[in-house]
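The values are calculated or read from the model by the stated rules, or taken from the named source; none is laboratory data. This one's a predicted model, so the numbers in the text were calculated from it and none came from an experiment. Cβ coordinates were reconstructed from backbone atoms using ideal geometry, including for glycine residues, and neighbour counts include every protein chain displayed.
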Amino acid sequence: MEGGWLDFERPLVELERRIEELRTLASQEQLEGDGELQRLAQKAQRLRRRIFAHLTPWQRVQLARHPQRPYTANYIEHLFTEFTELRGDRAFGEDAAILAGLARFEERPLVVLGHQKGRNTRENLARNFGMPQPEGYRKALRLMRLAEKFGLPVVCFVDTPGAYPGLGAEERGQAEAIATNIREMSRLRVPIVAFVTGEGGSGGALALAVGDRLYMQEYAFYSVISPEGCASILWKTREKAPEAAEALKFTAPDLLELGVIDAILPEPPGGAHRDSAAAAATIGAALREALTALDRLPADVRIEQRRNRYLRIGAFHP
């Protein structure tokens with residue numbers, strides 16, 4: 001990555017720079033450049049469509065990890081009002097890798113939570129690069145139980161390389177915390193709507209993704225293992241990560257075809273990082289539709305459907 005853009009975007013970025021330079025020159029010199037600017041803008045639009053219509057799985061991984069991609073905090077800012085953050089698991093401590101709290105969506109109270117990465121080294125160290133510790137998952141579960149107590153829907157944003165695999169995390173029960181979240185989310189009596197907005201890595205993602213509806217943004221991925229981890233196991237080298245990405249079938253189109261997700265949410269041209277407000281608007285429309293549909297179902301029916309949708313995953317019919 002160079003200057004905030006990816007290698008495969010280079011031709012597009014260079015053309016956009018040329019357009020900007022021409023626009024600046026025309027303004028400074030009071031020149032008539034509207035015709036040329038329009039021609040170049042149309043060329044850039046065609047090039048963008050061509051590049052993003054044929055992305056490889058590895059290129060989608062790069063977009064999902066883009067450092068300017070919107071995170072949970074950005075979507076909270078765009079979609080919700082009166083957000084009040086709640087911290088700590090009331091057992092060990094606070095984990096900033098998960099952002100959680102109470103909020104309103106179009107005046108409706110709910111609980112919102114999600115993985116949170118940082119924008120720079122200092123923030124990433126504070127957020128542990130979006131990799132939660134056990135206390136992060138227990139904090140999330142505490143808020144989900146609070147939601148059930150007061151009859152509030154739960155909205156989850158999934159974007160993590162995976163749960164933190166450190167010694168301390170294992171000593172404090174990382175696997176148990178993840179397993180407990182999966183079990184409890186499968187029987188929570190309030191609506192749960194989850195969105196995979198970037199990286200959906202292994203059990204660390206699944207611990208916030210067991211819901212009545214699961215949506216994926218167009219360039220996100222959701223996988224049992226990272227492509228680098230898969231390549232290290234199968235080929236003993238991370239250099240094979242692009243081949244692993246192809247084999248894992250973890251892109252949104254793959255998972256929609258396999259029945260793992262309910263729908264793909266289109267991103268703005270060039271990715272969500274190019275227009276976070278537009279990306280949030282698409283998520284908001286999906287959330288509105290999902291809550292309207294789920295409100296019509298009795299809790300017992302929702303729970304049965306939620307469990308069945310996960311039991312169907314991986315079913316083989318010869």
Does at least one position in region 54-69 carry a residue that is in a loop (DSSP other than H, G, I, E, B), of a type in the set (S, T, N, Q) and under 23 Å from Leu255 (Cβ atoms)? yes
List every residue pair whose Cβ atoms sit under 8 Å apart, with the two residues 6 or more apart in sequence or on different chains, where the first one lies in region 294-306 and is farther than 20 Å from Gly259 by Cβ and in the same structural domain as Asp262 (by TED's automatic domain parsing) and the second, anywhere, is in a loop (DSSP other than H, G, I, E, B) and at pLDDT 95 or above. Asp295/Pro191; Ala299/Arg189; Ala299/Val190
For Gly271, all conditions in the list (1) on the phi < 0 side of the Ramachandran plot; (2) in contact (Cβ under 8 Å) with a residue 40 or more places away in the chain hold save one; what is the number of the exception? (1)
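Is it true that some residue in region 163-185 is within 17 Å of the chain's Cα centre (by Cα) and either closer than 30 Å to Gln59 by Cα or touching a residue at least 60 places away in the same chain (Cβ under 8 Å) (or both)?
The answer is yes, given that some residue of region 163-185 is within 17 Å of the chain's Cα centre (by Cα) and either closer than 30 Å to Gln59 by Cα or touching a residue at least 60 places away in the same chain (Cβ under 8 Å) (or both).
One residue is enough: does region 293-312 have a residue meeting the conditions touching a Pro at 6+ places or on another chain (Cβ under 6 Å), under 27 Å from Gln45 (Cα atoms) and buried (at least 19 other Cβ atoms within 10 Å of the Cβ)? Show your work before the answer.
First pass over region 293-312, keeping only residues touching a Pro at 6+ places or on another chain (Cβ under 6 Å): 294.
Then drop every residue that is not under 27 Å from Gln45 (Cα atoms), which leaves none.
Checking region 293-312: not a single residue is touching a Pro at 6+ places or on another chain (Cβ under 6 Å), under 27 Å from Gln45 (Cα atoms) and buried (at least 19 other Cβ atoms within 10 Å of the Cβ).
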Given the condition under 22 Å from Glu85 (Cβ atoms) and buried (at least 19 other Cβ atoms within 10 Å of the Cβ), answer yes or no: does some residue in region 212-221 qualify? no
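For region 74-95, how many residues meet the condition of being without any contact (Cβ under 8 Å) to a residue 40 or more places away in the chain and either closer than 19 Å to Met131 by Cβ or assigned to a strand (DSSP E or B) (or both)? Don't jump to the end; show me each part of the working.
Of region 74-95, the ones without any contact (Cβ under 8 Å) to a residue 40 or more places away in the chain are 76-77, 80-85.
Narrowing the set further to residues that are either closer than 19 Å to Met131 by Cβ or assigned to a strand (DSSP E or B) (or both) leaves 81-85.
Selection size over region 74-95: 5.
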Within the bounds of region 181-201, is there any residue that is at pLDDT below 95, crowded, with 19+ Cβ neighbours inside 10 Å and out of contact with any Lys or Arg (no Cβ under 9 Å at 6 or more places or on another chain)? yes
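Which ranges mark the helices (runs of 4 or more DSSP H) fully within region 210-318 that have 1 or more residues being within 19 Å of the chain's Cα centre (by Cα)?
So the answer is 227-234, 241-248, 252-258, 276-295.
If you go through region 166-179 one residue at a time, how many are surrounded by fewer than 21 Cβ atoms within 10 Å (Cβ to Cβ) and out of contact with any Gly (no Cβ under 9 Å at 6 or more places or on another chain)?
Residues in region 166-179 being surrounded by fewer than 21 Cβ atoms within 10 Å (Cβ to Cβ) and out of contact with any Gly (no Cβ under 9 Å at 6 or more places or on another chain): 8 in total.
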Does Thr237 qualify as being hydroxyl-bearing (Ser, Thr, Tyr), farther than 30 Å from Arg108 by Cα and loosely packed, with under 15 Cβ neighbours inside 10 Å? yes
